[in-house]
Amino acid sequence: MNKDYLPKEIAIYQAVIELFEEGADINNLTVSEITARAGIGKGTAYEYFSGKEEMIAKAFFYNGEMFCRQLYEGICNEKTLYDKINFVLLTMEQQVPRANCIFRLIHMLSDNSSLSSWIKELLRKKNLFGEAPAEDVIRKVLNDELNGRDMPSEEKMAYLVLSIYSKVFCYGMMLKGGRFEQTEQKETMRKLLNMGICREIEEILSMQ
């Protein structure tokens, strides 16, 4: 576990995510509901957070970081690029509730709420020290795939990150919406998506 996260902070984050996965309206959650689920006192929570907006924003950001970290650990056990991409897509299929948290995080960025302000500030601070979690995973996979080849230009890497991210995100949104309910449908779409991503990666990395 990341040493920057204290046990009581993690308890709050996990409480928020559990409530969200159970169908709670994030905008109407109260500090009392969150702390009751976390099993800590309301006063104690204010020693770590300024209010519910900070709790919720950081909870979703924390969930995204942990999900991406576990995702990359699994990816590292796969040998080929196809298997790595397949692992990502399968994980999204198997963990739709956790993936939904990431989609909710992205959605928060599109509005003008106080939650959105907290998320944007967290991302700004994160970028001072490195990539955002999802982008970091994609870049690590791409760097692994280089396998001794010259590093492509930043423009090519940025394009690939954008392209892969958008394809995986759209697939996740379709899963969230129940677009592919039959196993055969998921398998076909996963295969087509995987082949397309792998082909594009190889084409861009092979460009002179």
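Every number here is computed from the coordinates shown, using simple stated rules; none is lab data. All of these numbers come straight from a predicted model, not from anything done at the bench. Don't worry about glycine lacking a Cβ; one is built from the backbone with ideal geometry, like all the others, and counts go over all protein chains shown.
Going by neighbour counts of Cβ atoms within 10 Å, the residues C198, C76 line up, fewest first, as C76, C198.
Distance check, please: which entries in K140/K176; K120/K167; K156/K186; K8/K120 exceed 32 angstrom between their Cα atoms? Pairs exceeding the cut-off: none. Backbone phi angles across the range 173-182, fed through the Karplus curve with coefficients 6.51, -1.76 and 1.60 (θ = phi - 60°), yield HN-Hα couplings of 5, 5, 4, 4, x, x, 5, 10, 8, 8 Hz in residue order; Gly and Pro are listed as x. Couplings 3J(HN,Hα) for the range 189-203, derived from phi with the Karplus relation 6.51 cos²θ - 1.76 cosθ + 1.60 (θ = phi - 60°), are 5, 4, 5, 4, 5, 4, 4, x, 5, 4, 5, 5, 4, 5, 4 Hz, where x marks Gly and Pro.
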